[in-house]
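The values are calculated or read from the model by the stated rules, or taken from the named source; none is laboratory data. Computed from a predicted model, the values in this text were never measured in an experiment. Neighbour counts are summed over all protein chains in view; Cβ atoms, including those assigned to glycine, are modelled from backbone coordinates with ideal geometry.
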Amino acid sequence: MATEVKIPNVGESITSANVARWHKQDGDTVSKGETVLTIETDKVSNDLEADAAGTLKILVPEGDEVAIGTVVATIEESAAASQDAEPADSAPSSSSDQASAPAPAASANDGKVIEIKVPAAGESITSANIGRWHISNGDSVAKGDILVTLETDKVSNELEAEDNGTVNITVQEGEEVDIGTVIGTLTVGSAPAQSQQQSQPEASAPAASEPAKPAAAAPAPAASAPAAPVSMKPDLAVVPDPPERSGQAQSEDNGRTTRKKMSMLRRKIASHLVNAQQTAAILTTFNEVDMTAVMKLRKEVQEDFVAKYGCKLGFMSFFVKATVQALKDVPGINARIDGTDIIENNFFDVGVAIGTEKGLVVPVLRDCDQKGFAEIEQEIIDYAGKAKEGKIQLSDLQGGVFTISNGGVYGSLLSTPILNPPQSGILGMHTIQQRPMAVNGEVVILPMMYLALSYDHRLVDGKEAVTFLLRIKDCLENPGRLMLEM
């Protein structure tokens with residue numbers, strides 16, 4: 001019986017995919033649930049798992065682009081698996097084999113060496129940084145244990161152990177390697193059996209030193225099966241930890257300065273910002289908003305809001321909804337330049353900048369015009385958690401039409417935000433400060449916030465930019481009308 005490996009449907013607008021990397025060779029035996037193939041589309045990468053155990057027959061080689069639904073391989077479910085299990089079932093019938101019965105039950109793949117490779121993470125990503133090994137060289141791990149965190153210029157990925165066994169690390173933390181690089185190996189085997197053998201060197205040493213004498217192993221045939229991983233281990237390349245890993249800080253000039261490698265995320269941010277400055281005519285216009293009404297409304301409904309939705313009503317949802325209303329009223333800013341064409345967006349996916357220890361990421365809130373305040377607040381909380389844990393996905397960062405950056409959380413009073421290409425506008429929020437303001441001929445202390453709109457002057461004129469900011473100001477100073485989308 002054969003099980004087909006097909007290219008799945010990964011999105012409404014995606015009609016084809018690239019066979020990026022086979023994790024197994026043609027003719028290899030695979031287990032159900034084991035990753036066999038990574039496919040890439042113009043938006044995401046997906047790992048395909050085996051739906052059955054058997055022998056893999058590859059029909060489409062790496063690098064080929066195929067249509068959604070194409071059968072790229074089959075898995076032949078042979079009788080070999082059931083035959084392999086028979087000796088274990090029949091072992092109790094022979095008194096001489098009773099001692100060896102538990103050994104085959106440990107794993108049929110004992111001694112197999114699995115390469116730990118850097119997987120494809122997206123069409124434009126060609127390398128990754130070894131962010132952190134979660135285990136040490138020589139550690140025993142269980143299937144599904146997290147082995148290493150890889151960092152690219154966009155996202156972080158965690159690699160898990162494909163089977164039980166012992167890990168051999170060949171590339172250290174802080175090193176940058178190409179996609180597909182082998183950064184370690186996993187020798188499959190029962191961890192307790194290996195640790196027992198390693199704790200009794202006097203028993204294993206004679207067998208290793210006298211391989212030509214099969215009689216030495218004859219009295220204990222059960223021990224010969226798990227010995228394979230142990231005898232193979234010295235042949236594996238073990239890379240010792242260098243005195244100073246490239247990812248660590250190094251002192252120079254007798255400690256007066258410190259040099260450390262720039263992270264891939266920080267390098268990407270730097271390149272992205274410089275590119276924005278060089279490819280767009282960025283201009284910034286400012287205004288200020290009285291936050292009295294928003295603060296009063298939040299105070300009045302906060303307790304009920306938390307009780308109903310399980311999250312607090314923050315400022316960001318007001319700014320997201322105000323931005324959506326302003327984009328509707330000034331559609332010229334909800335557009336981008338593509339060569340000599342203008343692409344007008346008819347949807348409202350808003351990016352929200354989130355600062356992390358490793359740098360700034362901008363996950364996108366989808367279809368904000370169709371979401372309420374509670375949905376927006378919860379999504380922001382979820383993204384903040386994923387960013388903190390380094391689990392933001394590439395798909396989370398793509399497709400935004402406008403960005404909001406809140407420097408106010410750090411105390412910023414005024415700044416000029418830089419565009420997030422290919423978007424044509426970004427709104428900068430700042431700290432709320434009590435300031436004296438003239439109201440009806442009297443001086444009143446009000447909670448004021450400066451707003452900054454940076455925009456691409458090639459596409460957006462000053463009149464549109466000012467109108468956009470004034471629309472946001474009006475929405476925030478009259479939140480009741482905002483909620484009614486007026």
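The table for this structure:
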item	result
Residues that are more than 27 Å from Gln278 (Cα to Cα) and either in a strand (DSSP E or B) or among the polar types (S, T, N, Q) (or both), drawn from the stretch 410-442	Thr431, Gln433, Gln434, Arg435, Pro436, Met437, Ala438, Val439, Asn440, Glu442
Given (1) of a type in the set (A, V, I, L, M); (2) touching a helix residue (DSSP H, G or I) at 6+ places or on another chain (Cβ under 6 Å); (3) over 21 Å from Leu453 (Cα atoms), index of the condition Ile418 fails	(3)
Residue match in the stretch 287-305 (condition: under 29 Å from the mean Cα position of the chain (by Cα) and on the phi < 0 side of the Ramachandran plot)	no
Hits in the stretch 277-320 (condition: over 24 Å from Ala384 (Cβ atoms) and not in a strand (DSSP E or B))	Gln277, Gln278, Thr279, Ala280, Ala281, Thr292, Ala293, Lys296, Glu300
Candidates Gly355, Gly399, Gly351, Gly332, filtered to the one that is within 19 Å of Ala452 (Cβ to Cβ), assigned by TED's automatic domain parsing to the domain that holds Cys475 and touching a strand residue (DSSP E or B) at 6+ places or on another chain (Cβ under 8 Å)	Gly351
Residue pairs meeting the criteria (Cβ under 6 Å; at least 6 apart or on separate chains; first within 15 Å of Pro421 (Cα to Cα), in the stretch 275-288; second surrounded by 16 or more Cβ atoms within 10 Å (Cβ to Cβ) and of a type in the set (Asp, Glu))	Ala280/Asp456
Hits in the stretch 359-385 (condition: more than 29 Å from Ala270 (Cβ to Cβ) and out of contact with any helix residue (DSSP H, G or I) (no Cβ under 6 Å at 6 or more places or on another chain))	Asp367, Gln370, Lys371, Gly372, Glu375, Gln378
Condition check for Ile445: part of a loop (DSSP other than H, G, I, E, B) and out of contact with any Gly (no Cβ under 9 Å at 6 or more places or on another chain)	no
Conditions (1) of a type outside the set (Lys, Arg); (2) surrounded by fewer than 19 Cβ atoms within 10 Å (Cβ to Cβ); (3) at pLDDT 90 or above; number of the one not met by Ser395	(3)
Flag if Lys299 is basic (Lys, Arg) and in the same structural domain as Asn345 (by TED's automatic domain parsing)	yes
Residue tally, condition among the β-branched types (Val, Ile, Thr) and either touching a Lys or Arg at 6+ places or on another chain (Cβ under 7 Å) or under 17 Å from Val113 (Cβ atoms) (or both), over the stretch 149-180	6
Count of residues meeting criterion [among the aliphatic types (A, V, I, L, M), more than 14 Å from Glu62 (Cα to Cα) and in a loop (DSSP other than H, G, I, E, B)] in the stretch 3-37	2
Residues satisfying the stated conditions in the stretch 146-169, i.e. more than 17 Å from the chain's Cα centre (by Cα) and surrounded by fewer than 17 Cβ atoms within 10 Å (Cβ to Cβ)	none
Pairs, first buried (at least 20 other Cβ atoms within 10 Å of the Cβ) and assigned to a helix (DSSP H, G or I) in the stretch 462-483, second of a type in the set (D, E, K, R) and modelled with pLDDT under 95, C-beta under 8 Å, six or more apart	Cys475/Arg481
When residues of the stretch 121-145 are limited to those that are among the hydroxyl-bearing types (Ser, Thr, Tyr) and not in a loop (DSSP other than H, G, I, E, B), the one surrounded by the fewest Cβ atoms within 10 Å (Cβ to Cβ)	Ser127
